[in-house]
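The values are calculated or read from the model by the stated rules, or taken from the named source; none is laboratory data. Just so you know, these numbers come straight off a predicted model, no measurement behind them. Cβ placement follows ideal geometry from the backbone for every residue including glycine, while neighbour counts extend to all protein chains displayed. Note: areas computed on protein heavy atoms with side chains; ligands, DNA, RNA excluded. Shrake-Rupley method; radii C 1.70, N 1.55, O 1.52, S 1.80 Å.
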Amino acid sequence: MYLNTLKPGIGARKKHVRVGRGIGSGLGKTCGRGVKGSGARKSPNVRPGFEGGQMPMKIRLPKFGFWSKLSYVTAEVSLNALNKVEGDVIDLAALQQAGLVGKRVQYAKIVLSKLPQFTRKVTVKGLGVTRGAKAAIEAAGGTVEVSERAAKAAARLQASADKRAAKVKGLQDKLAAEGIKKPAKKDKTEKAQKAGSKK
């Protein structure tokens, strides 16, 4: 192999097409752009996805609902499945060790089973619990500690309610102090003076 024998592979170099060089070239006159229309201009200014005015693909396709990002790291565990967990304290690490949730799960929630068969006395920490599941756990002598995530959500909800209540109370106090004020009626003389000044 020598330097003078090196050459690009087949199809690597494409021959430059020279348009507008007569009828015999095959690309004369309109240069392969067709006759008139937006595509025949120098700058058609067509946005991506534009289909010439017909209903575009993004609108023709059916719409789907909302997918939460937290759904990929959240799992539900039935109350009866807690019988597989060893120990008196049930948290996320215990659920992962028992194989009830995956390793990528960050949040778990205990839901009530259709036929509850859970009679152990356990302490649930850092997990979400439905009302029915909480009642069943407490009926068996266990306790449920509110998770930090649920506590923060409840605090945000309460803060929003307090803010709204304070706003409504402020408006009611202002209305009670000032009363309903109607705009004063203008005299006919003032209207006549304004009409005269405009002329």
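Express the relative contact order of the range 25-109 as a whole percentage, based on alpha carbon pairs under 8 Å and six or more residues apart in sequence. With pairs under 8 Å counted, the relative contact order is 24 percent. Just so you know, the Cα atoms of the range 1-72 work out to an Rg and Dmax of 23.3, 64 Å. Cross-link partners of Lys169 among aspartates and glutamates, defined as those whose alpha carbon lies under 20 angstrom from its own and excluding same-chain residues fewer than eight positions apart: Glu178. Solvent exposure of the chain amounts to 87 Å² per residue of accessible area, where only protein heavy atoms count and the probe is 1.4 Å. Per residue of the chain, the DSSP helices (runs of n ≥ 4 H) give a summed -39500 (n - 2.57) that works out to -9500 deg cm²/dmol at 222 nm. Across the accessible surface of the range 1-102, with the other protein chains kept in place and a 1.4 Å probe, carbon and sulfur atoms take up 57 percent.
In the range 103-199 the Cα-Cα distances spread across 5 Å bins starting at 0 as 2, 10, 11, 10, 9, 7, 6, 6, 6, 5, 5, 4, 3, 3, 4, 4, 3, 2, 0 percent of all pairs.
Here's the list of lysines a cross-link from Lys185 could span, going by alpha-carbon distance under 19 Å and ignoring same-chain residues fewer than 8 apart: Lys194. Spatially close Lys pairs in the range 1-113, defined by Cα atoms under 30 Å apart and a spacing of eight or more places or different chains, total 17. The value of relative contact order for the chain, using C-alpha pairs under 8 Å at least six residues apart, is 11 percent.
Couplings 3J(HN,Hα) of the range 5-10, computed from phi: 9, 6, 7, x, x, 5 Hz, in residue order, whole Hz [Karplus 6.51 cos²θ - 1.76 cosθ + 1.60, θ = phi - 60°; x for Gly and Pro]. Each principal axis of the Cα atoms in the range 63-123 has its own extent, and those three values, largest first, are 46, 25, 16 angstrom.
Taken as Cα centroids, the range 116-133 and the range 1-66 sit 64 Å apart, rounded to the nearest whole angstrom.
A crude spin-label estimate for the pair Ala192 and Ile180, with each label 7 Å from Cα along the Cβ direction, gives 3.3 nm.
The lysines whose alpha-carbon is closer than 27 Å to the alpha-carbon of Lys188, local same-chain residues fewer than 8 away aside, are Lys198, Lys199. Only protein atoms count toward the accessible area here, which uses a 1.4 Å probe; on the range 104-178, the carbon and sulfur part of that area reaches 55 percent. Across the chain, the fraction of Cα-Cα pairs farther apart than 30 Å, rounded to a whole number, is 68%.
Using a probe of 1.4 Å, the accessible surface attributed to Val35 totals some 120 Å² when neighbouring protein chains are kept in position.
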